Amino acid sequence: MYSHVLLHYDEIGTKGGNRRLFEGQLARNVRRMLAPLADVKVKREPGRMSFEIDAVPADRREDALRAVARLPGISWISAAVRTEPDLASICEAAARLAARRAGTFKIECRRTDKGIAFDSREVCVQAGAAVNRATGRKVDVHTPNDVYRVQVDRYRAYVHDARIGGPGGLPTASAGHVVTLLSGGIDSPVAAYRMMLRGCEVTGLHLWNRSFSGDLVREKILDLGRALARHQGRFRVVFVPFEEIQRALVAASQDDVRMLLYRRAMLRVADLLVKEEEQDAVAVGDAVSQVASQTLSNLKAVYEAAESLLLTPLAGSCKQETIALAQSIGTYDVSIRPAADCCGLMVSRHPRTSTRASVLRAHEAAAGLDALLAAAFAARETVDLPSPLA
């Protein structure tokens with residue numbers, strides 16, 4: 001019996017004169033997510049957005065609602081009955097909706113236009129009485145089995161019940177585009193997701209040593225990309241071969257600094273992708289002092305190699321916080337699958353915890369990295385992962 005889907009946001013509402021820009025981006029993201037199922041028209045309304053649910057095939061509507069609810073920028077969504085903004089129509093719609101269930105109930109009302117002839121309390125009283133007459137259900141304002149909510153302005157009214165919570169934040173692509181280093185571990189997909197919540201559209205970059213890790217890692221990275229596409233509506237993964245770069249670094253350095261050299265090389269490859277695709281920044285999954293390569297001294301020496309703006313969304317996070325978020329967004333089970341990535345190659349048992357950038361630059365010069373980085377980037381493979389509804 002539902003006719004529409006209501007989309008509510010929170011942080012977008014603080015954007016003042018720029019709100020329409022964020023609403024427009026959120027509408028584009030919703031259309032992109034639903035494109036495999038339907039061509040929907042998302043309308044802006046006071047304090048919310050909506051689209052008609054009839055455009056979505058009946059057997060995919062639940063999937064569509066949950067997919068839209070995962071989009072950054074959404075606070076919550078709900079399927080709703082749209083009706084005329086008068087008491088009789090609202091009461092009739094509430095009674096029809098409540099007739100599908102049993103148990104106690106409560107009516108809540110929000111008016112977005114105080115010029116309406118009736119107030120919120122009157123809506124609650126009359127709609128509650130209409131439901132009671134039609135169904136025999138009792139009102140319980142403290143612990144109801146169901147809550148029926150009314151939203152009304154001078155042009156329309158909606159009656160809805162169950163909400164699906166969203167992640168909040170800002171709509172993907174409203175802040176720009178970011179390349180995120182995607183290792184296959186727990187941290188980097190969470191870093192990518194955190195950037196999505198801040199309005200960034202994310203491209204994943206994986207440095208792939210196929211001779212060491214084989215195709216298992218490639219499939220793992222693609223599965224992480226598919227999990228992230230559930231939140232972004234699509235996800236692009238770029239694979240860059242890393243074998244020759246690693247061999248050169250192994251030959252030119254001691255094992256206690258190799259991880260730092262690998263990571264500097266990865267940032268330089270990310271710079272090439274940022275320039276090629278005119279993106280805005282690089283994001284990494286580092287957490288300060290989580291491992292030896294992430295001491296402040298080593299981070300300073302590694303980050304010196306980056307020319308792009310470098311973002312570290314997990315810098316102050318502890319591992320348990322990151323694991324909890326990975327579990328909630330659906331990347332954790334993929335991340336812990338056995339498949340050694342390129343950073344597992346010849347890692348030192350006693351890595352250096354304090355290094356200067358000048359030491360690392362000397363090793364890079366001995367390895368002749370510039371030509372190797374250019375050749376690896378030229379051999380990249382790009383995979384575009386579509387909406388999860390495809």
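The values are calculated or read from the model by the stated rules, or taken from the named source; none is laboratory data. Everything numeric here is computed off the predicted structure, so don't read it as measured data. Here the Cβ is made from the backbone with ideal geometry for all residues, glycine too, and neighbour counts use every protein chain on show.
Below is a table of values for the structure above.
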quantity: Complete set of residues in region 350-375 that are in a loop (DSSP other than H, G, I, E, B) and touching a residue at least 60 places away in the same chain (Cβ under 8 Å); calculated: 350, 351, 352, 353, 355, 368
quantity: Enumeration of residues in region 36-90 that are touching a Gly at 6+ places or on another chain (Cβ under 9 Å) and over 28 Å from residue 192 (Cβ atoms); calculated: 44, 47
quantity: Residues (modelled with pLDDT under 95 and small (Gly, Ala, Ser)) located in region 197-213; calculated: 211, 213
quantity: Residues of region 376-387 that turn out to be of a type in the set (Ser, Thr, Tyr) and not in a strand (DSSP E or B), as a count; calculated: 1
quantity: Residue 274 β-branched (Val, Ile, Thr) and modelled with pLDDT of 95 or more; calculated: yes
quantity: Residue list for region 204-232, filter: among the basic types (Lys, Arg) and under 23 Å from residue 70 (Cβ atoms); calculated: 220, 226, 230
quantity: Hey, residue 225 buried (at least 24 other Cβ atoms within 10 Å of the Cβ) and at pLDDT below 95 or not; calculated: no
quantity: Tally, over region 52-85, of residues that are out of contact with any strand residue (DSSP E or B) (no Cβ under 8 Å at 6 or more places or on another chain) and either closer than 30 Å to residue 114 by Cβ or without any contact (Cβ under 8 Å) to a residue 40 or more places away in the chain (or both); calculated: 6
quantity: Breaking point among (1) modelled with pLDDT of 95 or more; (2) over 26 Å from residue 12 (Cβ atoms), for residue 194; calculated: (2)
quantity: Qualifying position, being free of Cβ contacts under 8 Å to residues at least 24 places away in the same chain and not hydroxyl-bearing (Ser, Thr, Tyr), among 160, 142; calculated: 142
quantity: Members of region 13-54 that are touching a Leu at 6+ places or on another chain (Cβ under 7 Å) and under 22 Å from residue 177 (Cα atoms); calculated: 22, 29, 30, 33, 34
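Yes/no per residue for (1) modelled with pLDDT under 95; (2) surrounded by fewer than 14 Cβ atoms within 10 Å (Cβ to Cβ); (3) hydroxyl-bearing (Ser, Thr, Tyr):
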| position | (1), (2), (3) |
| --- | --- |
| 312 | no, no, yes |
| 333 | no, yes, no |
| 365 | yes, yes, no |
| 371 | yes, yes, no |
| 375 | no, yes, no |
| 384 | no, yes, no |
| 387 | yes, no, yes |
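For (1) more than 17 Å from residue 284 (Cβ to Cβ); (2) at pLDDT below 95; (3) part of a helix (DSSP H, G or I), each residue gets a yes or a no:
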site: 305; (1), (2), (3): no, no, no
site: 315; (1), (2), (3): no, no, no
site: 326; (1), (2), (3): no, no, yes
site: 337; (1), (2), (3): yes, yes, no
